[in-house]
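Worksheet: one structure, shown below.
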Amino acid sequence: MEFYLKTGGTILFLLAGFLVGQRAAQEYLQHMRNIESMILCLDRMQGEIAWRLTPMEEIFRDLTAQEGPCAAFFFKISHAFSEERQESLAALWQRTACETFTPSRARDIFAQLGQSLGSFDAEQECHAIAYAVERLKTELEQAQEANRTQGVLKRRLGVAAGIGLAILFL
Amino acid sequence: MDPLIEEIRLRTGRFVMASAAGKEWELSGSGAVTPAQIRQVMENATRASLHSAAESLRHGYVTADGGCRIGICGTAAVSDHEVGSIREISSLCIRVAREHPGIAAPLLENVLRNGRVLNTLLVSPPGLGKTTLLRDLVRLISTQGIRVAIADERGELAAVHAGVPRFDVGAHTDVLTGAPKEYAVMTLLRTMTPCVIALDEISEACDAHAVEMAANCGVSILATVHGHDRQDVLSRPVLAEIRTRGIFRRVVVIGMNGAKRTFRIEEL
């Protein structure tokens, strides 16, 4: 009986350590996915503005169907757009970005882009979007690097902590 | 909103002004207009899509939902001797678009003859309601079962939003919005086989050419033009060909008698 309890406890400690490590590393993955989604959506937005001069409302509506974390952002923006709104697009974009994404430099870059949307001609808007995408790509490289180093480290630490606790338990 | 107001004018650093029947007055409690407010009005009018309104902006206006045309003044961005856009917007003139169902009813019997619409030119100085009159005339003609096509370059006549006209232009009316008149007339002739084509504001040679094209195809034309009377309008070089060929059979001159609009019908 004691053997089975000890074996079960050991497995639980190992599993818990592994899961804690995974959870800690998850934020790096999520951050990467957020940036990838931002870049994808902004690329599409740039294309729509440059080639079809598509109105913002239509772009926002289309981007809600996009997979990824940005869909929630564009859903909120699109919803706010369909109602009577008092705030400017810049303020709405900034507020929604802050509500949707966790604080990071990438979120700030994305939020700042709102200042350049809606009030300029297509060429200027495309320049602003391209600049934001360029900066986001730099952020993505850093996030990938952080995931490779910090993410792996946290996963290993989690497993190591689980093994340590299991040894103490035994 | 005061039902009499025809235009609202915003000028940076000045109070908001309203105008009607040629008079302009200050709207009480409005405060001085700021550049940020001008930007916000532009953003609301274009639904935050100034890039989509680039072509009309180049010509100094944008059309908001509901058919309100907003005239723009500011600094023109010129490149290769062409105005690319208007930046640093300093003044806006918002023309309130309205429907006046029935306003054209007294004209209908003069415009229709044996079930056919006579080519008619609606003439008045700016702000006296040419577009409103044309819109109602289109509605009334369409209600008679006659197919009408509108070349709505500025989006003021039918104010189409999301494919649906905001103004009642009749059940037998097709609207092509945003295209230059020449292109619109050719397209409508080819695709919609209309009996009547309605055009707002004939002001350039290409607009006059569009009228000629429609006339050549045996389609009736309803059009508006800025001017004080028949002589004023038909003496213009732009309309020379139209005058020579006698395309228009009727001219309706819109005038004011106090606060009331009057229509004078002249045969050509």
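Computed from the coordinates by the stated procedures, all read-outs in this text should not be read as laboratory data. No experiment lies behind these values; they were computed from the predicted model shown. Virtual Cβ from ideal backbone geometry, glycine too; neighbours counted across all protein chains shown.
A few notes on this one:
- Volume per residue for chain A equals 130 cubic angstrom (convex hull of Cα atoms).
- Rounded to 10°, Cα long-axis angle of helix A:2-47 versus longest principal axis of chain A: 10
- In this simple spin-label model, placing a label point 7 Å from the Cα along the Cα-to-Cβ direction at both B:N44 and A:Q150 gives a separation of 4.4 nm.
- Under a Gaussian network description of chain B, with springs only between Cα atoms under 10 Å, the residue in B:R166, B:R154, B:R87 that fluctuates furthest is B:R87.
- Where trypsin sites (Lys or Arg not before Pro) fall in DSSP loop in the range A:71-164, at most 13 other Cβ within 10 Å: A:R85
- Full extension of the chain between B:T143 and B:V164 gives 5.8 nm of extra length, using 0.36 nm per residue less the Cα-Cα distance.
- Where GluC sites (Glu not before Pro) fall in DSSP loop in the range A:83-145, at most 12 other Cβ within 10 Å: A:E83, A:E84, A:E87
- For the pair A:D108 and A:K6 in one chain, pulling the backbone fully straight at 0.36 nm per residue adds 31.8 nm over the alpha carbon distance.
- Evaluated with a Cβ-only charge set (Lys, Arg +1; Asp, Glu -1), the protein assembly as shown carries a dipole of roughly 480 debye about its Cα centre, given to the nearest 20.
- Note on B:K181: aspartates and glutamates with a C-alpha under 16 Å away, same-chain residues under 8 apart excluded, are B:E55, B:D152, B:E153, B:E156, B:D200, B:E201, B:E204, B:D207, B:E212.
- Projecting label points 7 angstrom from Cα along Cα→Cβ for B:T262 and B:E24 puts them 2.7 nm apart.
- For the protein assembly as shown, alpha-carbon Rg over 2.2 N^0.38 Å: 1.39
- Multiplying the residue separation of B:T191 and B:C206 by 0.36 nm and removing their Cα-Cα distance gives an extension gain of 3.4 nm.
- Net charge over other residues, Cβ less than 12 angstrom from the Cβ of A:L42 (K, R count +1; D, E count -1): -2
- Inter-part distance where the range B:188-252 and the range A:22-96 are each reduced to a Cα centre, Å: 47
- Normalised by 2.2 N^0.38 Å, where N counts its residues, the alpha-carbon radius of gyration of the range B:105-267 equals 0.95.
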